[in-house]
1. Quick check on this structure: which one of Ser22, Ser48, Ser63 is surrounded by 14 or more Cβ atoms within 10 Å (Cβ to Cβ), without any contact (Cβ under 8 Å) to a residue 40 or more places away in the chain and among the small types (Gly, Ala, Ser)?
2. For residues that are within 12 Å of Ile131 (Cβ to Cβ) and surrounded by 12 or more Cβ atoms within 10 Å (Cβ to Cβ), tally how many sit in the range 75-87.
3. Residues being closer than 19 Å to Glu44 by Cβ and without any contact (Cβ under 8 Å) to a residue 40 or more places away in the chain: count how many of those fall in the range 115-126.
4. Looking at this structure, is Tyr53 surrounded by 15 or more Cβ atoms within 10 Å (Cβ to Cβ), farther than 27 Å from Ile17 by Cβ and not polar (S, T, N, Q)?
5. Can you tell me which of (1) within 21 Å of Ile131 (Cβ to Cβ); (2) surrounded by 14 or more Cβ atoms within 10 Å (Cβ to Cβ) is the one Phe43 doesn't meet?
6. Take Phe69 and tell me if it is closer than 20 Å to Leu87 by Cβ and in contact (Cβ under 8 Å) with a residue 60 or more places away in the chain.
7. Taking Leu109 and the conditions (1) touching a Ser or Thr at 6+ places or on another chain (Cβ under 8 Å); (2) free of Cβ contacts under 8 Å to residues at least 60 places away in the same chain; (3) within 20 Å of Ile25 (Cβ to Cβ), which numbered condition does it fall short on, given that it satisfies the others?
8. Go through the range 48-87 and count every residue that is among the hydroxyl-bearing types (Ser, Thr, Tyr) and within 30 Å of Thr101 (Cα to Cα).
Amino acid sequence: MINFNNKKYKNYKTEVIKYLISGFILNLIGFIFYGYLTIKLEFEVIISITILYLFIIPVYFISQNFFVFKKSNIKKGRLLKFLLNILIFYLLNIFLIYILTDILSYDKLNSQFFILILLVILNFISQKKLIFNYN
C-alpha cells in the first residue's frame, strides 16, 4: 500500500507539479514558435523543430536542474546525460513528425501537439530515473 504521507511521495508529487508547470510554459512557448515557423513562415517541420530545440535546450536544462529537481549545481555528467536524452527525444520527435505529416498527411500543428504530449510523459520518466536521480 502506498503511504501518501511519506517524504519520498511528497517530493515526487512536488517534482511532478513543478515539471508540469515548467513543461507547460516551455512547451507552450515552443508550440507557438513552432506554429509561427511552420504556418506563418512556411518552414519545413523538421527545420522548425531543430530551431526550436536549439533555443529551448539551455532554458529547459536550467528549469529542470534548479526548479524541478532542486539540484544546487550543474554537474558535467548530469549535463551530458541531459544532452544525450535531449538528442534522443529530438530524433524521436523528428521521426514521429515525419511519419505523421509526410507519410500519413496529418496536420502539422495537431501532429506536433500530440507528439508533445507523448514526449512530455516519456521525458519526465527518463529525467527522473536517469538524469536527476542522484545529487
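Each reported figure results from applying straightforward, stated rules to the coordinates on display, with no laboratory input. Every value quoted in this text rests on a predicted model; they were computed, and no experiment measured them. Backbone-built Cβ (ideal geometry, glycine too); neighbour counts: all protein chains shown.
1. Residue meeting the stated conditions: Ser48.
2. 9
3. Total satisfying the criteria: 1.
4. Spelling it out, it is not the case that Tyr53 is surrounded by 15 or more Cβ atoms within 10 Å (Cβ to Cβ), farther than 27 Å from Ile17 by Cβ and not polar (S, T, N, Q).
5. It fails just one condition, (1).
6. yes
7. (2)
8. Of the residues in the range 48-87, 4 are among the hydroxyl-bearing types (Ser, Thr, Tyr) and within 30 Å of Thr101 (Cα to Cα).
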